[in-house]
Amino acid sequence: MSEKIIMLGDARSPAMPIPADLQAPTGLLADALGRPLHDLRISVTDRCNFRCVYCMPKEVFDKNYAYLPHSSLLSFEEITRVARLFVAHGVEKIRLTGGEPLLRKDLERLVAQLRELQTPSGRPLDLTLTTNGSLLARKARSLKDAGLDRVTVSLDAIDDAIFKRMNDVDFAVSDVLNGIDAAHAVGLGPVKVNMVVKGGMNDGQILPMARHFKGSPTILRFIEYMDVGASNGWNMDEVIPSSEVVRRISAEMPLTPIGANYPGETASRWRYADGAGEVGMISSVTQAFCHDCSRIRLSTEGKLYTCLFATRGHDLRALLREGRGDLEIASSIAQLWSRRADRYSETRTINTEGLTRGGSAKKIEMSYIGG
């Protein structure tokens with residue numbers, strides 16, 4: 001039996017070089033494949049209070065697991081400074097992730113700082129957050145007051161027993177639903193609910209989840225089980241294609257496709273034929289969307305990743321703590337993005353068999369980089 005390599009952090013991240021020719025941001029940055037920079041996803045903590053089997057399984061993330069020390073994390077002021085430079089490069093949407101972002105103390109202060117940023121044209125940012133919902137009921141009002149626009153909640157089953165098996169910490173569905181209701185009540189909507197579908201574990205929940213959220217203001221999205229990192233033991237046999245999800249739902253509740261909200265949107269959109277709501281399909285395994293991916297990710301300790309399936313990051317924190325100026329850091333970011341040619345999901349879709357069962361074991365973990 002071969003040894004499984006689990007890359008929880010990324011000790012091999014090279015320091016980001018400063019280009020000799022420093023250039024101020026123009027807001028029109030594109031990568032090597034012509035893709036613009038539009039979305040910045042910021043992981044604010046590597047900690048989570050769930051132990052979901054596809055993300056932070058207990059056998060890896062046990063009571064002895066060593067999380068990053070607080071001194072390694074970017075401060076809120078460092079995050080805001082970096083975000084300001086990305087906005088100057090064209091970023092219009094920022095999503096806060098984790099781990100579980102609501103575990104980061106005083107997160108509302110960061111939200112308030114980011115809320116003050118504007119695009120070069122003077123428009124406010126689209127400021128969102130992804131959460132497991134465990135703390136949302138008590139945090140929704142303060143997050144909204146700080147300036148957060150919307151939340152996305154992870155919920156992998158509506159059946160309590162199945163959900164508890166998946167989160168592996170005995171957390172109840174009702175508590176997540178209370179958080180979703182609280183988010184709607186304070187105006188953090190439309191709330192999106194993400195369900196990761198893993199064959200043989202929760203695919204029997206596709207229809208119950210659809211039935212529950214149909215006719216509500218919540219937008220339910222089904223995510224194909226992905227090969228992020230190595231701790232979840234991913235293999236293709238456990239992937240339920242989005243086409244199959246659509247087929248199962250449509251057999252009972254007919255769906256019709258609708259257009260994307262914006263270029264590069266991760267989910268394909270479907271509307272119930274009777275007008276009672278919307279669902280989405282995120283199909284990075286069977287229908288790769290690399291061709292218009294406009295996302296970059298910042299880890300909680302300040303490393304940049306140009307792909308969710310990256311094998312290494314680029315150390316931005318070193319530049320911040322060396323005292324580099326804004327123009328130097330912005331130029332370094334521009335150089336990194338302009339050379340980006342990542343298209344992992346397209347490559348995997350073409351050659352899935354060669355990238356399963358440990359073939360990509362050195363990829364960074366989702367719990368570290370954020371979803």
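The values are calculated or read from the model by the stated rules, or taken from the named source; none is laboratory data. Remember, predicted model here, so these are calculated numbers, not experimental data. Reconstructed Cβ throughout: ideal geometry from the backbone, glycine too, with neighbour counts over all protein chains shown.
Key figures
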| read-out | value |
| --- | --- |
| Sole residue being basic (Lys, Arg), within 25 Å of Asn167 (Cα to Cα) and modelled with pLDDT of 95 or more, chosen from Arg104, Arg84 | Arg104 |
| Enumeration of residues in region 112-151 that are within 17 Å of the chain's Cα centre (by Cα) and β-branched (Val, Ile, Thr) | Thr128, Thr130, Thr131, Val151 |
| Search result, residues across region 206-244 that are buried (at least 18 other Cβ atoms within 10 Å of the Cβ), of a type in the set (Ser, Thr, Tyr), more than 22 Å from Ile180 (Cα to Cα) and modelled with pLDDT of 85 or more | Tyr225, Ser242 |
| Test: residue in region 129-147 that is buried (at least 19 other Cβ atoms within 10 Å of the Cβ) and at positive phi | yes |
| Yes/no for Ser360 being part of a helix (DSSP H, G or I), modelled with pLDDT under 95 and closer than 27 Å to Asn167 by Cβ | no |
| Candidate set from region 25-65 (those that are closer than 26 Å to Leu110 by Cβ and surrounded by fewer than 17 Cβ atoms within 10 Å (Cβ to Cβ)); member that is nearest to the chain's Cα centre (by Cα) | Asn49 |
| Members of region 139-175 found to be within 25 Å of Lys93 (Cα to Cα) and assigned to a helix (DSSP H, G or I), listed by number | Lys139, Ala140, Arg141, Ser142, Leu143, Lys144, Asp145, Ala146 |
| Top-ranked residue in region 73-119 [being assigned to a loop (DSSP other than H, G, I, E, B), without any contact (Cβ under 8 Å) to a residue 40 or more places away in the chain and not polar (S, T, N, Q); ranked as nearest to Met16 (Cα to Cα)] | Leu117 |
| Which numbered condition Asn167 fails, given (1) over 18 Å from the mean Cα position of the chain (by Cα); (2) of a type outside the set (D, E, K, R); (3) at pLDDT below 95 | (1) |
| Any hit, region 171-180, residues being more than 21 Å from the chain's Cα centre (by Cα), surrounded by fewer than 23 Cβ atoms within 10 Å (Cβ to Cβ), more than 25 Å from Leu148 (Cα to Cα) and not basic (Lys, Arg) | yes |
| Strands (runs of 3 or more DSSP E) within region 246-336 that include 3 or more residues crowded, with 18+ Cβ neighbours inside 10 Å | 268-272, 278-282, 295-298, 303-305 |
| Identity of the residue in region 289-318, among the β-branched types (Val, Ile, Thr) and in contact with a Lys or Arg (Cβ under 7 Å, 6 or more places away or on another chain), that ends up nearest to Leu33 (Cα to Cα) | Thr306 |
| In region 148-170, the residues that are surrounded by fewer than 19 Cβ atoms within 10 Å (Cβ to Cβ) and not charged (D, E, K, R) | Ala161, Ile162, Val169 |
